[in-house]
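Enquirer: Dropping a structure here in structure tokens format, bear with me for questions.
The values are calculated or read from the model by the stated rules, or taken from the named source; none is laboratory data. Just so it is clear, the structure is predicted and the values come from calculations on it, not from any experiment. All Cβ positions, glycine included, derive from the backbone under ideal geometry; neighbour counts span all protein chains shown. We work out accessible area using only protein heavy atoms, side chains counted, and drop any ligands, DNA or RNA first. Shrake-Rupley method; radii C 1.70, N 1.55, O 1.52, S 1.80 Å.
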Amino acid sequence: MKKHIPNSITCCNLISGCIATAFAFGGNAEAALMWIIIGAVFDFFDGMSARLLHVSSPIGKELDSLADDITFGVAPSTIIFSQLQVMAYPAFMESLRDCLPFAAFIMAAFSALRLAKFNLDERQALGFIGLPTPANALFWGSLIVGAGSRMENHPWMLFIILAGIAISSWLLVSEIPMFALKFKQWGWKGNEVKYIFLLTCIPLLVIFGISSFAIIIAWYVVLSVIVK
């Protein structure tokens, strides 16, 4: 019975991603972000349960990647897709309104590629190479929730979002080393970057609430680049 527990939790992650996608297609970015976060919680516990129960399997690894691409690839891409549908477009691009929003799903494809690379890359035991998909999903979800309504009436914001899709897609599969919040010991020495990151996140969360995730993920990328 216990061998099915991790995969069941992974399936809960996948279902959360499907629900998030459904809300995103309906234009409800807040609910979509909530279900992405719920999926992230399941994603954390499926790996932990597999290690505790000693029941990891190749099937579980493949299922986990599939669930992650739905929750952290398709769902945030759909949030962007819905945002692009309601944006103000420059007059010369108005004819592209019906097709341009589909560009958001390029990010879902790069998320899948990033997850496939992660499964094969033995360098990522203690850190990451490229932006993790959950971080990318939290960035876009919180950005649209926090600033989506202010973006809608500014045509130039369309180019910012399209550029953001391209940058996110590149970061997902880039060779940039990024630190992970994994601690072998709790002392300051050797964990300076992690503690600095965590301490700077606290005031951001207090001041900006749910919207702070976009700032935090951007800071995470910048800090990783600085210390690489």
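Enquirer: Here are some residues: A91, A67. Which one is in contact with a Cys (Cβ under 9 Å, 6 or more places away or on another chain) and at negative phi? Please lay out each step first, then the result.
Expert: Details: A91 fails: in contact with a Cys (Cβ under 9 Å, 6 or more places away or on another chain).
Every option except A67 fails the conditions.
Enquirer: Can you confirm whether segment 116-130 contains a residue that is at pLDDT 90 or above, part of a helix (DSSP H, G or I) and either touching a Gly at 6+ places or on another chain (Cβ under 9 Å) or surrounded by 21 or more Cβ atoms within 10 Å (Cβ to Cβ) (or both)?
Expert: Taking every residue of segment 116-130 in turn, none turns out to be at pLDDT 90 or above, part of a helix (DSSP H, G or I) and either touching a Gly at 6+ places or on another chain (Cβ under 9 Å) or surrounded by 21 or more Cβ atoms within 10 Å (Cβ to Cβ) (or both).
Enquirer: Within segment 51-66, restricting attention to residues that are hydrophobic (A, V, I, L, M, F, W, C) and within 20 Å of K117 (Cα to Cα), which residue is surrounded by the most Cβ atoms within 10 Å (Cβ to Cβ)?
Expert: If we take residues in segment 51-66 being hydrophobic (A, V, I, L, M, F, W, C) and within 20 Å of K117 (Cα to Cα), then L63 is surrounded by the most Cβ atoms within 10 Å (Cβ to Cβ).
Enquirer: Looking only at segment 90-107, which residues are at pLDDT 95 or above and either buried (at least 22 other Cβ atoms within 10 Å of the Cβ) or of a type in the set (F, W, Y) (or both)?
Expert: Selection gives F102, A104, F105, M107.
Enquirer: What number goes with the only condition from (1) outside any helix (DSSP H, G or I); (2) under 26 Å from G73 (Cα atoms); (3) open to solvent by 70 Å² or more (accessible area, probe 1.4 Å); (4) not small (G, A, S) that M178 does not pass?
Expert: Just one mismatch for M178, condition (3).
Enquirer: If you don't mind, there's one more thing I want to ask. Only one of I19, I37, I15 is of a type in the set (A, V, I, L, M, F, W, C) and closer than 26 Å to K182 by Cα; which?
Expert: When all the criteria are applied, what remains is I37.
Enquirer: Would segment 67-75 turn up any residue that is surrounded by 17 or more Cβ atoms within 10 Å (Cβ to Cβ) and not in a helix (DSSP H, G or I)? So that I can check it myself, show each step before the final result.
Expert: Restricting attention to segment 67-75, the residues satisfying the condition of being surrounded by 17 or more Cβ atoms within 10 Å (Cβ to Cβ) are 67-75.
Narrowing further to those that are not in a helix (DSSP H, G or I): none.
Scanning segment 67-75 turns up no residue that is surrounded by 17 or more Cβ atoms within 10 Å (Cβ to Cβ) and not in a helix (DSSP H, G or I).
Enquirer: Considering only segment 189-212, state which residues are closer than 29 Å to D121 by Cβ and either assigned to a loop (DSSP other than H, G, I, E, B) or open to solvent by 60 Å² or more (accessible area, probe 1.4 Å) (or both).
Expert: K189, G190, N191, E192, I196, L198
Enquirer: Does L172 satisfy the condition of being within 29 Å of K117 (Cβ to Cβ) and not aromatic (F, W, Y)?
Expert: In short, yes.
Enquirer: Okay, next question. Out of everything in segment 131-153 that is at pLDDT 90 or above and assigned to a loop (DSSP other than H, G, I, E, B), what residue ends up being surrounded by the fewest Cβ atoms within 10 Å (Cβ to Cβ)?
Expert: Looking at residues that are at pLDDT 90 or above and assigned to a loop (DSSP other than H, G, I, E, B), I get P132.
Enquirer: Then there is this: Return the residues of segment 1-50 that are of a type in the set (S, T, N, Q), assigned to a helix (DSSP H, G or I) and either at pLDDT 90 or above or open to solvent by 60 Å² or more (accessible area, probe 1.4 Å) (or both); say none if nothing qualifies.
Expert: Listed by number, the residues that qualify are S8, T10, N13, S16, T21.
Enquirer: Further, regarding this structure: Any idea which residue in segment 160-175 is most open to solvent (accessible area, probe 1.4 Å), counting only those that are under 16 Å from the mean Cα position of the chain (by Cα) and among the β-branched types (V, I, T)?
Expert: I167
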